[in-house]
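A.B. asks: Quick one: structure below, then a few questions.
A short reminder: the numbers here are calculations on the coordinates, not readings from a lab. This is a predicted model, so every value here is computed, not measured. With ideal geometry, Cβ positions are generated from the backbone for all residues, glycine too; neighbour counts draw on all protein chains shown.
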Amino acid sequence: GTMSTQSGYGCFGVSSVQGPRSSLWRKPMAGGRTAVLAINGAALPHLITINVSDVLSPDVSPVEDAQTEANAVDIWTGTSMGKVTHVSRVVPPHGNIFITLE
């Protein structure tokens, strides 16, 4: 299932593809940035993809009006990933991806 909040932040995606649920969280931040945390709840590695349009324009219709690119920064390393449309990684068991999008 998918959960979302009226305020535009919180848990907005849940996957049970592999073992325990993995979840995707977002929170607006100062300066127009959005923090995104994807957690692998499984005991196995799991490929997680964060799509910019899903995070920044979840309720936009028509789809052509959605924001599809953003500058991404890895929170843990401080590394800029440049302008991206998505971030995909194989996340270790109980690991996470933690980024900001702007």
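A.B. asks: Compute the orientation-averaged projected area for region 27-102 from the convex hull of its Cα atoms and round it to one decimal in nm².
C.D. replies: That works out to 5.3 nm², a quarter of the Cα hull's surface.
A.B. asks: Residue separation times 0.36 nm, minus the C-alpha to C-alpha distance between His94 and Leu37: what's the value?
C.D. replies: Between His94 and Leu37, full extension yields an extra 19.3 nm.
A.B. asks: While we're looking at this one, here's another question. With a 10 Å radius around each residue's Cβ, average the other Cβ atoms per peptide and rank 50-57, 75-82, highest first.
C.D. replies: My ranking of the peptides, most packed first, is 50-57, 75-82.
A.B. asks: Something else about it: Got a sec? Which residues in region 22-50 would a label at Asn71 touch, if it sits 7 Å along Cα→Cβ and we count backbone N under 12 Å?
C.D. replies: 32-33
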